[in-house]
Every structure is written in C-alpha cells, then in structure tokens.
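Below is one structure, written out as structure tokens, with a few remarks after it.
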Amino acid sequence: MLKICVCVSGGGTNLQAIIDAIDNGTITNAEIVRVISNNKGVYALERAQKHNIDALVVSPKDYETRELFNEALLAAIDEVEPDLIVLAGFLVVIPEKMIQKYRNRIINIHPSLIPSFCGTGYYGLKVHEAALERGVKVTGATVHFVDEGTDTGPIILQKAVEVLPGDTPKVLQQRVMEEAEWKILPQAINLISNGELK
Ligand code: GAR
C-alpha cells in the first residue's frame, strides 16, 4: 500500500479528486495517511476530516523564521513516513532538504501545459489570467515530479483543454480542473502506486 501525504493550501478540490478516486477504485494500492495545510481554516482541511484523514496545519505564521517553518513541515511529513508526497495546490516553496530527502517521491499538479505559464509567480488564477492575456487557444494541466526548480521536474502526465471565446480566468480555471487536473492527478498516483512509472 502506497502511503500518501497530500499538501494543500486552499479549497482542496484536487485533494477531493484523490479521495474520490481511492474510494471508487480509480486509484488502487494507495491510502492518504496525512493532509498538511500551510493555511488555517481552509476547506481542504474539512474535506480531510470528513473522510477521517489525519489533517494538520503547519503555517509559516506560527514560526519566527522560514528555517523553523521548513523544519516543522519536514518533521510533519517524516512523522508519517510517506512513500509519496502530493502537492495538490500547495503554494509554498518546497525546502531543498525535503526535495533531496524525497527525490522522485514528490509530485505536483500545475494548471497549464508546462513549459507554458509556469515558474515563479505562476500559480492559481494567475496562470489562467496569463493564458487568456496571451490568447492561447489550448491550455491544460501537468503532473510532474518536483525538483529544485519551480515547475521544472520531469513531466508525468499532461492533458489539453480548449480555451473558449468569452472565457474569464475563473471559467477557464474551472474547465481546466474538471477536464484535466481532477483526472490526471489520480491517474498519475495510480501509475505510481502500481509500479508503472520509472
Ligand atoms: C489548482 O488549480 C492547482 O493546479 C493550482 O492551485 C489550484 C488548487 O486548487 N496549483 C498551482 O498553481 C501550483 N503552481 P484546489 O485547492 O481546489 O485543489
């Protein structure tokens, strides 16, 4: 059984997609052992609690320095000895020590077709604002391994999504989530939990 730790910052719809996929058998051989949020009071935490998943907050606001926050984050992860860490809308710069320790065992979902609209400053709605600004006709989502760069690690899965006339950033974000993110994130986890990814 692959032990997964999911890291979140907000609404947690990608977390929900993972929970649902485990429940309905789209993901096999995996369980979520912990959810960690860097923000207090976010809906992702409620989603975890509703499913009796251990959930805790590790917020930078509770630590005097970034260093201390990084240590607390890593300790919260180490405690559950995960086989895989899933960044599901986790808007935190991942400490280098964590990347080294869990190399090839951290994956991230990004709401664009990398290498478009990714890197520093591209997160959440900003990604879709930039895509609309540029006038692309196709966008999508990417699941990739996390390395020392921002959105630079090896790509696992991508799915394209059409941009439609009249799209607002919010409308586009919702379509990218429904048609791409909530599908390829569970798919990628299932590949890993069944040893189908090298
Ligand atoms: C998702 O769209 C995810 O791809 C994005 O944040 C959103 C979180 O939504 N992540 C990034 O932009 C990472 N750079 P959720 O909390 O409802 O899953």
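For the pair Asp20 and Val57, a Förster radius of 30 Å applied to the C-beta separation gives a FRET efficiency near 0.85, rounded to the nearest 0.05.
For Cα pairs less than 8 Å apart in space and 6+ apart in sequence, what is the mean separation divided by the residue count of the chain, i.e. the relative contact order in percent? Provide the component values of the computation, followed by the final result.
Details: 362 pairs, mean separation 43.6, N = 198.
Reported as a whole number, the value is 22 percent.
For the chain, carbon and sulfur atoms together expose 49% of the accessible surface, with a 1.4 angstrom probe and every protein chain in place. In plain terms, the chain from Lys101 to Met1 could stretch by 34.0 nm, reckoned as 0.36 nm per residue minus the Cα-Cα distance.
Once the 1.4 Å probe is applied to the protein heavy atoms, the chain comes out at 49 Å² accessible per residue. Normalised by residue count, segment 80-148 yields a Cα convex hull volume of 85 Å³ per residue. With R₀ set to 41 Å, the beta-carbon distance separating Glu162 from Lys50 gives a calculated FRET efficiency near 0.80.
Once the C-beta distance of Glu196 and Ser116 is scaled by a Förster radius of 25 Å, the resulting FRET efficiency is 0.40 to the nearest 0.05. Quick note on the chain: its Rg to Rh ratio, both from C-alpha atoms and Rh being the Kirkwood radius, is 0.95.
Between Leu132 and Leu91, the modelled labels are 1.7 nm apart [label points 7 Å from Cα along Cα→Cβ]. Each helix, a run of at least 4 DSSP H residues, gives -39500 (n - 2.57); summed and divided by the residues of the chain, these come to -10000 deg cm²/dmol at 222 nm. Length, then width, then depth: along the principal axes, the Cα atoms of segment 9-111 run 42, 30, 28 Å. For segment 103-198, the convex hull drawn through the C-alpha positions has a volume of 81 cubic angstrom per residue. Think of segment 9-92 as having a plus end and a minus end, set by charges on the Cβ of Lys, Arg, Asp and Glu; of Thr28, Asn70, Asn38, Asn38 sits farthest toward the positive end of this dipole. With contacts taken as Cα pairs under 8 Å and at least 6 residues apart, segment 115-161 reaches a relative contact order of 34 percent. Available extension along the chain between Asp147 and Lys40 is 35.9 nm, counting 0.36 nm per residue and deducting the alpha carbon span. Measuring nothing but alpha carbons in segment 132-180 and taking Rh as the Kirkwood radius, the Rg to Rh ratio lands at 1.04.
Based on the Kirkwood approach, the hydrodynamic radius assigned to segment 1-46 is 10.9 Å, with every pair of different Cα atoms included.
The values are calculated or read from the model by the stated rules, or taken from the named source; none is laboratory data. These numbers were taken from a predicted model, which means no experiment stands behind them. When we count neighbours, we look across all protein chains shown, and the Cβ atoms used for this are built from the backbone with ideal geometry, even at glycine. Protein only, heavy atoms only, side chains kept; ligands, DNA and RNA dropped before computing areas. Shrake-Rupley method; radii C 1.70, N 1.55, O 1.52, S 1.80 Å.
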